[in-house]
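Q: This is the structure I want to talk about, given as structure tokens.
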Amino acid sequence: MVIHMINFHSVVLDSEKCCGCTNCIKRCPTEAIRVRGGKAVIQKERCIDCGQCIRVCPHHANKANADSFAELANFKYNIALPDPALFGQFNNLDELDIVLNGLLQLGFDGVFEASRGAELVSQATRELLHQDGVVRPLISSSCPAVLRLIKLRFPDLCENVLPYKAPIEVAALEAKEEAHRKTGLSKSDIGVFLITPCPAKVTCIKNPSIEKGTSNCDGAIPISYVYPKLASAMDKLTELDDIAQSGIVGVTWAVSGGESSALLSDKYLAADGIENVIKVLEELEDEHIRDLDFIELNACSGGCVGGVLNVENPYVAQARIHRLRKYLPIYQNRYNKETDFEKVKRNYVLQSEAQVMSLSPDLFRAMEMMDEMEKIKRRLPQLDCGSCGAPSCSALAEDIVRGNAKESDCVIRLKRRLINNEGK
């Protein structure tokens with residue numbers, strides 16, 4: 001059985017490859033990285049596993065921990081759960097069954113598309129938006145990196161998050177139940193493995209503390225790991241079993257705007273790329289965004305096809321998904337509130353993690369520290385150059401107040417002090 005580690009984060013640092021170049025600290029959306037002693041250090045409590053540091057590191061020092069095919073030996077029956085982004089990795093694909101049959105050749109006993117869960121969530125969301133008293137705009141709950149970002153930096157928006165599970169969780173639950181009926185095996189003997197495009201989904205599966213519960217998935221294998229083996233298996237297929245059971249609605253979730261378009265409403269906003277996501281959340285928090293029913297946010301540019309664990313250029317993959325649409329039915333999975341509501345609804349309240357960002361649990365002490373931070377910040381050069389090992393002068397001031405850095409860590413300030421001393 002896969003062990004769920006409470007402090008697990010998929011994104012990790014290989015200190016031997018790190019040269020302390022500061023590329024990663026400038027791109028981290030939660031300022032979770034510092035360079036100390038010539039090496040980057042990830043503050044796990046702030047990390048949202050978005051993969052930005054993996055994307056920008058020229059030395060490949062940042063990487064994602066995930067599962068391999070070896071994990072399949074822990075179960076009697078294994079199911080592949082391909083993220084819809086997987087279908088955008090292959091050129092001239094006109095049938096989902098080619099990919100799904102290829103996965104069966106890799107050692108899986110069954111295949112269940114995550115896009116089937118997406119179709120259920122899409123219809124459930126449409127029905128929810130027709131109800132009175134629903135908080136608007138609702139924010140998509142499908143991207144785990146965005147959810148953690150909201151809990152850390154925008155806690156007041158937690159109540160806006162869609163009260164439904166991510167499609168991978170809905171699909172994994174359905175997959176286990178279907179396999180249980182088919183084989184008679186205990187659900188604990190059935191392994192469901194997400195073929196994932198991003199490290200945030202790995203963390204969400206393997207760290208139950210992130211989402212207040214145990215995932216229905218038992219592991220996550222990167223698309224980049226599966227791709228070469230799968231491409232070879234697909235080339236050798238001589239006949240296809242009819243497996244695919246999802247359509248345009250589910251598969252289009254792979255790209256930005258796909259989830260929103262399934263709502264059959266024009267009162268939505270779709271943003272992708274972590275910087276754009278933050279801007280939208282800031283606007284929403286300041287109540288500058290109004291008259292919308294739904295906001296779809298994807299941490300990766302282009303949507304899930306832009307995840308760092310994919311192999312294809314996200315824009316090429318996006319074009320392939322759109323091309324694939326013409327071969328698919330609209331949808332194949334119908335949501336029934338009486339039988340599916342319990343499977344779809346999130347069984348916990350999204351809670352703020354803003355305390356991670358707070359300076360002190362004691363309000364009076366926190367105000368003192370904030371005042372000291374402002375004084376220190378005014379003494380710093382306001383260049384946000386990153387040469388001190390912090391992503392900004394504000395971050396350095398915070399580190400100093402917390403006792404994790406010194407003002408002399410600021411190279412510019414130290415240089416000025418030396419020049420002034422030499423001039424005396």
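Q: Closer than 19 Å to ILE248 by Cα and in the same structural domain as ASP241 (by TED's automatic domain parsing), is that true of LEU128?
A: Considered against the rule, which asks whether it is closer than 19 Å to ILE248 by Cα and in the same structural domain as ASP241 (by TED's automatic domain parsing), LEU128 comes out as no.
Q: Something else: Name the single residue, out of those in region 345-375 being among the small types (Gly, Ala, Ser) and outside any loop (DSSP other than H, G, I, E, B), that is modelled with the lowest pLDDT.
A: ALA354
Q: Looking for whichever is more than 18 Å from PRO144 (Cα to Cα), in contact (Cβ under 8 Å) with a residue 60 or more places away in the chain and under 18 Å from the mean Cα position of the chain (by Cα) here; the options are ILE42, ILE33, ILE54. Which one fits?
A: Step by step, each of ILE42, ILE33, ILE54 is checked, and only ILE33 is more than 18 Å from PRO144 (Cα to Cα), in contact (Cβ under 8 Å) with a residue 60 or more places away in the chain and under 18 Å from the mean Cα position of the chain (by Cα).
Q: Quick one: what pairs do we get from region 242-269, first residue without any contact (Cβ under 8 Å) to a residue 24 or more places away in the chain, second among the hydroxyl-bearing types (Ser, Thr, Tyr), C-beta under 7 Å, 6+ apart or different chains?
A: SER261/THR252
Q: Can you name the number of the only condition in (1) modelled with pLDDT under 95; (2) more than 27 Å from TYR331 (Cβ to Cβ); (3) part of a loop (DSSP other than H, G, I, E, B) that GLU211 fails?
A: Failed condition: (2).
Q: Looking only at residues in region 349-368 that are over 21 Å from the mean Cα position of the chain (by Cα) and hydroxyl-bearing (Ser, Thr, Tyr), which one is nearest to ALA32 (Cα to Cα)?
A: Only one residue tops the list, namely SER358.
Q: State the number of residues belonging to region 33-46 that are part of a loop (DSSP other than H, G, I, E, B) and either of a type in the set (Lys, Arg) or at pLDDT 95 or above (or both).
A: 2
Q: Let me ask another. Can you name the number of the only condition in (1) at pLDDT 95 or above; (2) not in a loop (DSSP other than H, G, I, E, B); (3) not polar (S, T, N, Q) that ASP49 fails?
A: (2)
Q: Take LYS151 and decide whether it is outside the structural domain of VAL308 (by TED's automatic domain parsing) and touching a residue at least 12 places away in the same chain (Cβ under 8 Å).
A: For LYS151, the condition - outside the structural domain of VAL308 (by TED's automatic domain parsing) and touching a residue at least 12 places away in the same chain (Cβ under 8 Å) - is not met.
Q: Hey, any hits in region 390-404 for a residue that's loosely packed, with under 13 Cβ neighbours inside 10 Å, outside any helix (DSSP H, G or I) and either in contact with a Leu (Cβ under 6 Å, 6 or more places away or on another chain) or not acidic (Asp, Glu) (or both)?
A: yes
Q: May I ask you to list the residues in region 265-283 that are buried (at least 16 other Cβ atoms within 10 Å of the Cβ) and in contact with a Lys or Arg (Cβ under 9 Å, 6 or more places away or on another chain)?
A: ALA271, ILE274, ILE278, LEU281
Residues checked against (1) part of a loop (DSSP other than H, G, I, E, B); (2) touching an Asp or Glu at 6+ places or on another chain (Cβ under 6 Å); (3) of a type in the set (A, V, I, L, M):
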| residue | (1), (2), (3) |
| --- | --- |
| SER215 | yes, no, no |
| GLU239 | yes, no, no |
| ASP242 | yes, no, no |
| TRP253 | no, yes, no |
| SER256 | yes, yes, no |
| SER260 | no, yes, no |
| LEU263 | yes, no, yes |
| ALA270 | no, yes, yes |
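Q: What residue, of ALA80, ALA73, ALA61, ALA32, is small (Gly, Ala, Ser) and closer than 21 Å to ASN298 by Cα?
A: Testing whether each residue is small (Gly, Ala, Ser) and closer than 21 Å to ASN298 by Cα leaves just ALA32.
Q: Collect the residues in region 72-101 that are of a type outside the set (Val, Ile, Thr), within 18 Å of PRO197 (Cα to Cα) and assigned to a helix (DSSP H, G or I), keeping them in residue-number order.
A: Within region 72-101, PRO84, ALA85, LEU86, PHE87, GLY88, GLN89, LEU96, LEU100 meet the criteria.
The values are calculated or read from the model by the stated rules, or taken from the named source; none is laboratory data. Keep in mind the model is a prediction, meaning the values are calculated, not measured. Neighbour counts are summed over all protein chains in view; Cβ atoms, including those assigned to glycine, are modelled from backbone coordinates with ideal geometry.
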